[in-house]
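Notes follow once the structure below has been shown.
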Amino acid sequence: MASTEDWRRQFKKYKEDVKARGKPFYPYAMFHDTVMSLVVVSVIVGLAVLWKYTHLLGVLYTAKADPGTVSFVPRPDWYFYFLFYLLRIFKWPDSVILGTVGIPTILLILLIALPFLDLRSERRLSRRPVAVIAAILVVVSMGVLTFKGAVAKEPLASEIRLLVPSWAKKEGFANNPDAVAGANLFAQSGCTTCHTYLGAGGSQFGAPDLSSIANRHLGVAVQIQHLKDPRSVTPGSVMPSFAGLGEANLRKLAIFLEASKGAK
């Protein structure tokens, strides 16, 4: 590690070089970077305004999003695939904060602190094995996680729906058409992404198993209210509202849940 005298000698040489050949990074280069950043942001905002109000760059979306869709599988943009896949590795609730917030934040802090911690003037890669190996590991890790996130498959609604007849038989609501219809909605609407039901599903974000939810005796009215506004029934719930499904579909879902008393 360089001594204080070495550091002072190098800093003095740097100042002499700057005085003889150019301007220091601060504030000149930082000022130029700031101006360029503002230019880039201004161009993006200008293009967005053109697209919105003049249609010179293409038409706006012709169809509005359907809040009642039961087949959409949400996916992040490609540059978040690594974080998307981390959610599969670090499970809720014990370790998801560590994987999605803790580790990226620690790495970002180390990256910001690196120029202040490593003051050596040596730049040859062969003389910096730790930095080179760390950089390679980061690139490989990000690449692998991004690839895994891109090819990760979610259970298709059609695959989950194949389980509905066995659900109805095991739970004993095969002769209840509203409960069967609600079970199909449950399978189609992505509920098993977070909840589990008779062994099927994801068990994400602390969502409970619903195989015997009827034993809580909540009632159809409470189930409907929970589907419409989860936080009004369970404060702090991260479950989204399913009000867009419509009153009739919500009632069928509620009847299905109230018929779910556990496998016979």
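Among the residues of the range 160-188, how many are in contact with a helix residue (DSSP H, G or I) (Cβ under 6 Å, 6 or more places away or on another chain), part of a loop (DSSP other than H, G, I, E, B) and in contact (Cβ under 8 Å) with a residue 40 or more places away in the chain?
Residues meeting the conditions: 1.
Out of (1) closer than 22 Å to Gly244 by Cβ; (2) assigned to a loop (DSSP other than H, G, I, E, B), the odd one out for Ser211 is which?
Here Ser211 clears every test but (1).
Take the residues of the range 98-157 that are within 17 Å of the chain's Cα centre (by Cα) and among the basic types (Lys, Arg): which is surrounded by the fewest Cβ atoms within 10 Å (Cβ to Cβ)?
Filtering first and then ranking leaves Lys153.
For the range 234-261, which positions are outside any loop (DSSP other than H, G, I, E, B), within 18 Å of Cys194 (Cβ to Cβ) and not aromatic (Phe, Trp, Tyr)? Explain how you work it out, then say what you get.
Narrowing the range 234-261 to residues outside any loop (DSSP other than H, G, I, E, B): 243-245, 247-258.
Pick out the ones that are also within 18 Å of Cys194 (Cβ to Cβ) and you get 243-245, 250, 253-254, 256-257.
Once the filter is applied, which keeps residues that are outside any loop (DSSP other than H, G, I, E, B), within 18 Å of Cys194 (Cβ to Cβ) and not aromatic (Phe, Trp, Tyr), the range 234-261 yields Ala243, Gly244, Leu245, Leu250, Leu253, Ala254, Leu257.
Residue-wise test of (1) surrounded by fewer than 18 Cβ atoms within 10 Å (Cβ to Cβ); (2) in contact with a Ser or Thr (Cβ under 6 Å, 6 or more places away or on another chain); (3) touching a residue at least 24 places away in the same chain (Cβ under 8 Å).
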position: Gly190; (1), (2), (3): no, no, yes
position: Gly201; (1), (2), (3): no, yes, no
position: Gly219; (1), (2), (3): yes, no, yes
position: Leu227; (1), (2), (3): no, no, yes
position: Pro230; (1), (2), (3): yes, yes, no
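In the range 100-155, how many are in a helix (DSSP H, G or I), within 20 Å of Phe90 (Cα to Cα) and basic (Lys, Arg)?
Result for the range 100-155: 1.
Read the figures in this text as sums done on the coordinates, not as results from a lab. Small disclaimer: the values here were computed from a predicted structure and weren't measured. Methodologically, a virtual Cβ is constructed for each residue, glycine included, from the backbone with ideal geometry; neighbour enumeration extends over all protein chains shown.
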